[in-house]
Amino acid sequence: MVEVLVYTKAYCPYCKWAKQLLASKGVGFREIDVMSDAELERKMRKESGGRTVPQIFIDGRPYGGFDEISELDRRGKLDELLGLKPIRGGQGSPVPNAPVSENSRTEFSPLRVGGGSDGGVPPPETEDLVILGSGAAGLTAAIYAARANLKPLVIDGLQPGGQLTITTDVENYPGFPNGVMGPELMDLFRKQAERFGTRIIYGEVSQADLKRRPFALRLGPDKTVRARALIIATGATARWLGIPGEKPAPDGYGGRGVSACATCDAAFFQNQVVAVAGGGDTAMEESNFLTKFASKVILIHRRDKFRASKIMQARVLNNPKVEVRWNTAIAEVLGDGKVMTGLKLRSTADKSESRLDCQGFFVAIGHQPNTAPFRGQLDLDEIGYIRTIPGGGPRTSVPGVFAAGDVADRVYRQAVTAAGTGCMAALDAEKYLEETNHE
Ligand SMILES: Cc1cc2nc3c(=O)[nH]c(=O)nc-3n(C[C@H](O)[C@H](O)[C@H](O)COP(=O)(O)OP(=O)(O)OC[C@H]3O[C@@H](n4cnc5c(N)ncnc54)[C@H](O)[C@@H]3O)c2cc1C
């Protein structure tokens, strides 16, 4: 039996996801929380070569953090390393020798559906309703569908609980007059969905065939799930700059000054100085909105002109509370270990560096909807958001496929709107299944 060791820190969402991934494999593991023990953290760094948590060791060899083991899982290698499958072509290499690259991903064979099966394996049972994603939209859809006795199957994706699990206080979700922590809110959604019989499985859909019925969804390297009706609630991922200090706690100041959502977090910065990164419409909108709360908004842009529409630019440039720093890149988020205190800036003109003191930093460089498996299968807009039928609620271009939450919403992107469309999608899916006699 293999020995699995996971170094973690409390309140680290990536640690939680790594543990969920391992638990989904049915393997036991030992956890060492290095939060309050500097000596243990030093040991972890020395043995893993990593500076972030989690760090995962299998039989004493380091395999990196959550991103690395989920990539190994996508390639079917994790099961081999965990002794769940015979090893093909030698043992997977530990992280230092074999960084996982885009190019090394397994190519999937075309999805076969209908009477056939994948690789001679008996065809999987067909689910009435599969819901992709366990954020506010997916779990709300699950609550409604489960209460309607549809026994929905939720596929969690790599971020169980969705985007709210990487934030701290949520103050605008109705029903919580004193606010609620994002991960706690999503645990409550999950418990409520499970209470009515929702089944939730860990895994990411990498490929979908929506052209034939039942729909086929490829999960991991060798599993296919079939569904008569499908709700896609895979969300949209905020684009980040990828600079040091930007990640969520405990690795950076995400949720401790750094945010990607002014509507969500602007009110935390009453009379404080905040910076915004970006040059498109999102950055203009966020900057203007922030001036309602902040004493000053410093809009930082790499170039000497904005990409945003003229009207949005004019609003920002005429706002006395906004100061623009042109030709400036952000090199690092600085902080005191607890909260962010400023930014390290670098001129794109002469490379000179400077420090900007500010209490908040909003990254406003857009979102990427998580729709890669549905390209060519569904009508998507130019960014990749799912287009729903005008006046048709969450219905998409394929009958029986519904879209809910941020994946189909480039405007509002809030937990409550995601939950609302999740409810609509479940009610419509129920109606669709009734009309088609669950065939
Ligand atoms: C830092 C931060 C703070 C925020 N604060 C607030 C706030 O205070 N108030 C508020 O209302 N909103 C807030 N938001 C916005 C809010 O989180 C989103 O609007 C909401 O989470 C959208 O829910 P969703 O279910 O559509 O998608 P998500 O929450 O993004 O969930 C998507 C789900 O899909 C899964 N998934 C993705 N790809 C696949 C795949 N291929 N196969 C299977 N599953 C997949 C993911 O694992 C995840 O479970 C915040 C967002 C961020 C990033």
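What whole number of Å gives the distance from the Cα centroid of region 53-81 to the Cα centroid of region 155-212?
Result: 24 Å between the Cα centres.
Which pairs break 29 Å Cα to Cα here: LYS9/LYS351; LYS9/LYS77; LYS191/LYS292; LYS211/LYS247; LYS292/LYS351?
Values: LYS9/LYS351 36 Å; LYS9/LYS77 26 Å; LYS191/LYS292 37 Å; LYS211/LYS247 38 Å; LYS292/LYS351 33 Å.
Cα-Cα > 29 Å for LYS9/LYS351; LYS191/LYS292; LYS211/LYS247; LYS292/LYS351; rest within.
Quick check: residue separation of ASN271 and ARG51 times 0.36 nm, minus the Cα distance between them. What number comes out in nm?
Full extension from ASN271 to ARG51 adds 75.7 nm.
Mind giving me the nanometre distance, one decimal, between the label points for SER397 and ALA23, set 7 Å out from Cα along Cα→Cβ?
Placing both labels 7 Å beyond Cα along the Cβ direction yields 3.9 nm.
Using just the Cα positions, wrap the chain in a convex hull and report its mean projected area in square nanometres, one decimal place.
On the way: hull surface 92.3 nm².
Across all orientations, the chain yields a mean hull projection of 23.1 nm².
Please go through region 295-388 and write out the trypsin sites (Lys or Arg not before Pro) that DSSP classes as loop and that have at most 12 other C-beta atoms within 10 Å.
On the way: sites: LYS296, ARG302, ARG303, LYS305, ARG307, LYS310, ARG315, LYS321, ARG325, LYS338, LYS344, ARG346, LYS351, ARG355, ARG375, ARG387; in loops: ARG302, ARG303, LYS305, ARG307, LYS321, LYS338, LYS351, ARG375, ARG387.
Here the trypsin sites (Lys or Arg not before Pro) that fit, given the DSSP loop and packing criteria, are ARG303, LYS305, LYS338, LYS351, ARG375.
Straight-line reach from LYS151: which aspartates and glutamates fall under 17 Å, measuring Cα to Cα and dropping same-chain residues less than 8 apart?
Output for LYS151: GLU125, GLU127, ASP128, GLU194, ASP428, GLU430, GLU434, GLU439.
Return a whole-number percent for the relative contact order of the chain, with Cα pairs under 8 Å and 6 or more residues apart as the contact set. Walk me through the intermediate numbers first.
Numbers: 951 pairs, mean separation 63.5, N = 439.
Result for the chain is 14 percent.
Take the alpha carbon gyration tensor of region 258-365, find the square roots of its eigenvalues, order them as a ≥ b ≥ c, and report rounded if a/c is under 1.5; if not, report prolate when a/b exceeds b/c, else oblate.
oblate
Over its Cα atoms, what ratio of radius of gyration to 2.2 N^0.38 Å does region 4-86 give?
Details: Rg = 12.1 Å, N = 83, 2.2 N^0.38 = 11.8 Å.
That works out to 1.03 for region 4-86.
Note down the relative contact order for region 209-328 as a percent, whole number, built from C-alpha pairs under 8 angstrom at least six residues apart. If you can, show how the numbers build up before the last one.
Details: 167 pairs, mean separation 19.9, N = 120.
So the answer I get is 17 percent.
Listing SER259, SER70, SER347 from the residue with the fewest other Cβ atoms within 10 Å to the one with the most, what is the order?
Working: SER259 25, SER70 19, SER347 14.
Fewest-to-most Cβ neighbours within 10 Å comes out as SER347, SER70, SER259.
Straight-line reach from LYS296: which lysines have Cα under 16 Å away, leaving out those fewer than 8 places along the same chain?
Correct list for LYS296: LYS321.
What Cys residues in the chain are without a partner cysteine, judged by a Cβ distance under 4.7 Å?
CYS358, CYS423
Quick one: among ASP350, ASP156, ASP379, which has the greatest mean-square fluctuation in a GNM of the chain with alpha-carbon springs under 10 angstrom?
Answer for the Gaussian network model of the chain: ASP350.
Using only DSSP helix segments of four residues or longer, with each worth -39500 (n - 2.57), what per-residue ellipticity at 222 nm results for the chain after dividing by its residue count and rounding to 500? List each step's numbers first, then the result.
Numbers: 10 runs with 106 residues, N = 439.
Estimated from H runs of four or more residues: -7000 deg cm²/dmol.
Rounded, prolate or oblate: which one fits region 368-412, using the alpha carbon gyration tensor with axes a ≥ b ≥ c (rounded when a/c is under 1.5, else prolate when a/b beats b/c, else oblate)? Intermediate results must be reported in sequence, preceding the final value.
Details: a/c = 1.72, a/b = 1.11, b/c = 1.55.
In terms of gyration-tensor shape, oblate.
If the cut-off is 15 Å between C-alpha atoms, which aspartates and glutamates fall inside it for LYS305, apart from same-chain ones fewer than 8 positions away?
ASP281, GLU323
At 7 Å along Cα-to-Cβ for each site, give me the label-to-label distance between ARG212 and ASP381 in nm.
Placing both labels 7 Å beyond Cα along the Cβ direction yields 3.3 nm.
Considering only DSSP beta bridges with both partners in region 4-86, what is the antiparallel share in %, to the nearest 5?
Bridges in region 4-86 are about 60 percent antiparallel.
What is the order of THR291, THR371, fewest Cβ neighbours within 10 Å to most?
Numbers: THR291 18, THR371 23.
Fewest-to-most ranking of THR291, THR371: THR291, THR371.
With both bridge residues required to lie in the chain, what share of the DSSP beta bridges run antiparallel, to the nearest 5%? Could the numbers behind the result be given before it?
Values: 35 of 71 bridges.
So the antiparallel bridges amount to about 50 percent of the total.
Laboratory data are not the source of any read-out in this text; all were calculated from the coordinates shown. Computed from a predicted model, the values in this text were never measured in an experiment. Cβ sites come from the backbone with ideal geometry, for glycine too, and all protein chains shown count toward neighbours.
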